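What follows is a single structure, written as structure tokens, with notes after it.
The values are calculated or read from the model by the stated rules, or taken from the named source; none is laboratory data. Bear in mind the structure is a predicted one, so any value in this text is a computation, not a measurement. Cβ coordinates were reconstructed from backbone atoms using ideal geometry, including for glycine residues, and neighbour counts include every protein chain displayed. Heads up: the accessible areas ignore ligands, DNA and RNA and are worked out on the full protein's heavy atoms, side chains in. Shrake-Rupley method; radii C 1.70, N 1.55, O 1.52, S 1.80 Å.
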Amino acid sequence: AAQIASSTTAAPTRRIVGAGGSVTSITGIAFDAQGNLWASDQANRVIEYSAAQLAAGGTVTPNITLASAFGSIARPWDVAFDSHGNLWVCNYGNNSVASFTPAQIATSGSPQPTAGLTGTQGLTGPLGIAFDRSGNLWVASIIDSIAKFSASDLTMVGSPAPAVVITGSLRT
């Protein structure tokens, strides 16, 4: 905390390095309720480093690796957890967002999403996701828009219309 609060050039106290080139390009990270670090990796997977691995530091391999099942993880760009502990993956590669339950992400594998968004407005080139206090999912897209999907629309895989779409304009 002291290093973050000051302008220092001190070496980090912990450094996680993927062993044997296990990580290609991390684009997003999120912590689960247990303090495990989850990362979206451009190698069409989501990886997890346990809280114990983070505390130890050094060269580690991912504790859990989630791979794609029928496009469920396609060039993932961001990850987030909802209030129920479900992992949501923002897929730039196929313009979708997929959700996996805590049981599905407890071990490595290729789980089928239990909920998600696909083929709807607001998902063209999704780059970032976040949940608000009411459980609504917000998706930021490369086409200069932010879309809000109501919590009630996040219970299955589907194509609901966003409740809100905020668009901007390019500044020159």
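Quick notes
- The test for being open to solvent by 60 Å² or more (accessible area, probe 1.4 Å) and in contact with a Phe, Trp or Tyr (Cβ under 7 Å, 6 or more places away or on another chain) holds for R75.
- In the range 63-93, the residues that are assigned to a strand (DSSP E or B) and of a type in the set (A, V, I, L, M, F, W, C): I64, L66, A67, W77, V79, A80, F81, L87, W88, V89, C90
- Selection count where residues are among the small types (G, A, S), closer than 20 Å to I26 by Cβ and surrounded by fewer than 23 Cβ atoms within 10 Å (Cβ to Cβ), scope the range 81-96: 1
- Residue match in the range 73-86 (condition: touching a strand residue (DSSP E or B) at 6+ places or on another chain (Cβ under 6 Å) and either of a type in the set (K, R) or modelled with pLDDT under 95 (or both)): no
- Hits in the range 131-156 (condition: among the β-branched types (V, I, T) and over 16 Å from A115 (Cβ atoms)): I142, I143, I146
- Within the range 29-45, considering residues that are open to solvent by less than 20 Å² (accessible area, probe 1.4 Å) and hydrophobic (A, V, I, L, M, F, W, C), the one nearest to N95 (Cα to Cα): A39
- Of all residues in the range 33-45, those being modelled with pLDDT of 95 or more and outside any strand (DSSP E or B) number 4.
- Residues that are among the aliphatic types (A, V, I, L, M) and part of a strand (DSSP E or B) within the range 159-172 comprise V164, V165, I166, listed in sequence order.
- For the range 46-62, residues that are open to solvent by 50 Å² or more (accessible area, probe 1.4 Å) and in a strand (DSSP E or B) total 1.
- Among the residues of this structure, T120 does not count as one that is at pLDDT below 95 and either closer than 23 Å to G35 by Cβ or of a type in the set (G, A, S) (or both).
- Qualifying residue in the range 133-143 (condition: in contact with a helix residue (DSSP H, G or I) (Cβ under 9 Å, 6 or more places away or on another chain) and closer than 20 Å to F31 by Cβ): yes
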